[in-house]
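J.: Dropping a structure here in structure tokens format, bear with me for questions.
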Amino acid sequence: MKWKNLIKVAFKSIIKNKMRTLLTMLGIIIGVAAVIVMVAIGKGAEKRIQDQIASMGTNLITIFPGSMQSRGVRMGPDSGVRLTLDDVERLKKNATLIQAVSPMVRSGAQLIGGSGNWNSSVWGVSEQYLEIRDWPLSSGEFFSAADIRAQNKVCIIGQTIVKNLFAGEDPVGQQLRVGKIPFRIIGVLEEKGQGAFGQDQDDLLIAPYTTVLYRMSGRVHVNQILVRVVSLEQMSQAQAEITSIMRDAHKIAEGADDDFTVRNQTDIAATAQENIMLVSVTERTHEIGIRMAIGARSRDILVQFLIEAIVLSLSGGLIGVLLGFLATWVVNMATDWNTVIVPANVLLSFGFAGAVGVFFGYYPARKAAALNPIEALRYE
Amino acid sequence: MSDDRAVIRTDQIRKTYDSGEVQVEALKGIDLRIDPGELVAIMGASGSGKSTLLNILGCLDYPSGGEYFLDGIHVNGLDRDQLADIRNRKIGFVFQGFNLLARTTAFENVELPLLYSRLQDSSNVEQLTRQALERVGLADRTHHFPNQLSGGQQQRVAIARALVNQPAIILADEPTGNLDTRTSIEIMATLQELNRQGITVILVTHEHDIADYCKRIIEFRDGRIIRDEVVARPRDAAQDLVSGRWQASGLGERQ
Ligand SMILES: Nc1ncnc2c1ncn2[C@@H]1O[C@H](COP(=O)(O)OP(=O)(O)O)[C@@H](O)[C@H]1O
Ligand SMILES: [Mg+2]
């Protein structure tokens, strides 16, 4: 295709897909603004940010059912393989580098109590969960190993539930019905705020996993197993140890693939990003299939997407820079932190914008353009 | 070999789908010759391999074995870019689900193959696009978006897009599969008219009423051709629409 035509096609695509354009730009805008503000705030805040990352539990390891790589797509629990309480017991007994371990049984329920109804997630975990997540309570206490053995109907709730059902009053000691089952609230979690992907981390109820498994869900398998490793330095040894214990537990033959996945926190962030990109692959792969079916060459597709990515990155980056300036100014006025905007930071964030934009725009296109047209067309 | 005038010639085309443990032999050796000006219906039960063959003929997919000549070109040896150019210049593909770009006007959809063409001198893109839309009777709908058009109109846009580059052949996989009876016959009238103007058409259908408008019927079973017949007197879709005979003859009964 001629350059003039390619540019025309790219711009049309940007204008027509307003929602997608907006979302992509939003990502870049926020990213750039964040970089500028963080760099401007400088050393003083650096420690704070590091603490925050540490609070996510960097020596946290999560075990998922299913193998990670099945044609590049994570096989969910539907792949038939389950994690069980037996796995948890074996880890507890045999692992040497583990400080704490907890199964995670996820469910959801209508909560009734206080001033009304609230729909929330219910997580069944062990008494070591807070230690693993490094998550303090704001009042009350956590449940004990005895509560777990007895399948007691006690729970800890997050701040969002406190706000919505108890008008912010301390609910410790009160009753809360989870579905049909009455629970006693014994503790309240400290506020955690939004997660990396905008989810509300305080909208949850935590209960003994035995209670959730046997009294509520009737299942016997667990969604995930969480592990806290003794120290950061021993993460990779711990990962290897866990893998070998799990392979034994699942009787996996020498040379055969794992039927579970062991990931640390950084891997998980990367996977989340990968999944976001997979969504945009599907979204655009069908369109790329149509374009290939009527004669677009791979290069035509790649150039079109590259132009789109660059245009979005630059305009998103520009808005981000302006927002960053504004936010820095606000921080300056509102705190005693010493903020300095250095031209190099602005360049840095532009570079960042470019990288993010090209990554998100170009990567799906490259994947799709390598398919047969008919394979690309099957994505819907 | 390449001096004969066949638009399509295949020699023992095979296709095996390999999805993990199971292998499906979708085509078990297809020999086919289609000459210029033909209007061919490929029939057969669901799963008999019709789409698989059409996708290979349309260079949307590769055969697992056998030879394929399109308009004298030996397709097997071509690389990805050359195949893209073949799809662009030699083939117009029409899908059951239309496959138009959303939020993109009829005009822009039809124009797209011209934009991807490496030969096209861009001065007459607009004129060629208009002509293609006129040929399918949509001159007055050029600036409508797909969601503002009926199914039949969307399929016409897809047909206009297929013919805008003056291809050697139009391939249509169940082009009327998503349409009601009357609209299906309208689409067949359009394809018959284009065929009368000299365009070779192969279409897949599993409905006899649609195949009756074609000049030749090829029937598939289990990845093989089991019947290949010339239709003595194909029905005329335009006439059926005028006379309304499709209703009287019970064709209107099918869903
Ligand atoms: N992508 C694919 N992967 C595996 N098997 C397929 C695929 N596409 C088609 N098949 C199989 O090949 C056979 C022929 O399919 P198809 O050509 O779509 O038949 P038709 O169009 O006649 O209904 C069927 O058995 C179908 O299940
Ligand atoms: Mg089919």
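The values are calculated or read from the model by the stated rules, or taken from the named source; none is laboratory data. Being a predicted model, the structure only gives us computed values, none of them experimental. Please note: Cβ atoms are built from the backbone with ideal geometry, for glycine as well, and neighbour counts cover all protein chains shown. When the accessible area is computed, the model is the full protein with side chains, heavy atoms only, and any ligands, DNA or RNA have been set aside. Shrake-Rupley method; radii C 1.70, N 1.55, O 1.52, S 1.80 Å.
J.: Which residues, counting only those in the range B:19-37, are among the acidic types (Asp, Glu) and away from ligand 1 (no atom under 15 Å from the Cβ)?
T.: Across the range B:19-37, the qualifying residues are B:ASP31, B:ASP35.
J.: Please state which of the following conditions B:THR176 fails to meet, knowing it meets all the rest: (1) within 16 Å of ligand 1 (Cβ to nearest atom); (2) assigned to a strand (DSSP E or B); (3) more than 14 Å from chain A (Cβ to nearest Cβ).
T.: B:THR176 satisfies all of (1) within 16 Å of ligand 1 (Cβ to nearest atom); (2) assigned to a strand (DSSP E or B); (3) more than 14 Å from chain A (Cβ to nearest Cβ) except (2).
J.: Under 7 Å between Cβ atoms, at least 6 apart or on separate chains: pull out the pairs that start in the range B:165-186 with a residue that is closer than 20 Å to B:GLY44 by Cβ and end on any residue that is within 12 Å of ligand 2 (Cβ to nearest atom) and open to solvent by 30 Å² or more (accessible area, probe 1.4 Å).
T.: From residues that are closer than 20 Å to B:GLY44 by Cβ, the pairs are B:ASP173/B:SER51; B:ASP173/B:GLN96; B:GLU174/B:GLN96; B:PRO175/B:GLN96; B:GLY177/B:GLN96; B:ASN178/B:GLN96; B:ASN178/B:GLY97.
J.: I would also like to ask the following. Within the range B:90-127, how many residues are buried (at least 20 other Cβ atoms within 10 Å of the Cβ), more than 7 Å from every other protein chain (Cβ to nearest Cβ) and touching a residue at least 60 places away in the same chain (Cβ under 8 Å)?
T.: 7
J.: When you scan the range B:47-61, do you find a residue that is more than 14 Å from every other protein chain (Cβ to nearest Cβ) and at pLDDT below 95, even just one?
T.: yes
J.: Now for a different question. Go through the residues of the range A:259-269 one by one and say whether even a single one is in contact with a His (Cβ under 8 Å, 6 or more places away or on another chain) and either modelled with pLDDT under 90 or small (Gly, Ala, Ser) (or both).
T.: Checking the range A:259-269: at least one residue is in contact with a His (Cβ under 8 Å, 6 or more places away or on another chain) and either modelled with pLDDT under 90 or small (Gly, Ala, Ser) (or both).
J.: To continue, here is another question. What is the residue count in the range B:50-70 for residues that are open to solvent by 10 Å² or more (accessible area, probe 1.4 Å) and away from ligand 2 (no atom under 16 Å from the Cβ)?
T.: Summing the residues that are open to solvent by 10 Å² or more (accessible area, probe 1.4 Å) and away from ligand 2 (no atom under 16 Å from the Cβ) in the range B:50-70 gives 7.
J.: Sticking with this structure for a sec: Within the range B:30-43, can one find any residue that is modelled with pLDDT under 95 and within 26 Å of A:ARG378 (Cβ to Cβ)?
T.: Scanning the range B:30-43, I find no residue that is modelled with pLDDT under 95 and within 26 Å of A:ARG378 (Cβ to Cβ), so the answer is no.
J.: Would you confirm whether any residue within the range B:58-71 is in contact with a Leu (Cβ under 6 Å, 6 or more places away or on another chain), touching a residue at least 12 places away in the same chain (Cβ under 8 Å) and either acidic (Asp, Glu) or more than 12 Å from ligand 1 (Cβ to nearest atom) (or both)?
T.: yes
J.: Against the conditions (1) closer than 21 Å to B:ALA162 by Cβ; (2) open to solvent by 40 Å² or more (accessible area, probe 1.4 Å); (3) small (Gly, Ala, Ser), where does B:ALA84 fall short? Just the number, please.
T.: If we test B:ALA84 against (1) closer than 21 Å to B:ALA162 by Cβ; (2) open to solvent by 40 Å² or more (accessible area, probe 1.4 Å); (3) small (Gly, Ala, Ser), just (2) comes out false.
J.: Shifting gears a bit: Within the bounds of the range B:155-173, is there any residue that is within 16 Å of ligand 1 (Cβ to nearest atom) and open to solvent by 10 Å² or more (accessible area, probe 1.4 Å)?
T.: Within the range B:155-173 (the criterion being within 16 Å of ligand 1 (Cβ to nearest atom) and open to solvent by 10 Å² or more (accessible area, probe 1.4 Å)), the answer is yes, since at least one residue qualifies.
J.: Let me ask you something else. Take the residues of the range B:7-49 that are more than 26 Å from B:LEU194 (Cβ to Cβ) and polar (S, T, N, Q): which is surrounded by the most Cβ atoms within 10 Å (Cβ to Cβ)?
T.: B:SER48
J.: Just to verify a result, which residue in the range A:110-141, among those that are hydrophobic (A, V, I, L, M, F, W, C) and open to solvent by less than 40 Å² (accessible area, probe 1.4 Å), is modelled with the highest pLDDT?
T.: So the residue we want is A:VAL125.
J.: Same structure again: Going by what's in this entry, would A:GLU169 be described as open to solvent by 50 Å² or more (accessible area, probe 1.4 Å), more than 24 Å from the chain's Cα centre (by Cα) and not small (Gly, Ala, Ser)?
T.: Yes; evaluated as a whole, the condition is true for this residue.
J.: Taking B:VAL40 and the conditions (1) touching a Leu at 6+ places or on another chain (Cβ under 8 Å); (2) away from ligand 1 (no atom under 16 Å from the Cβ), which numbered condition does it fall short on, given that it satisfies the others?
T.: (2)
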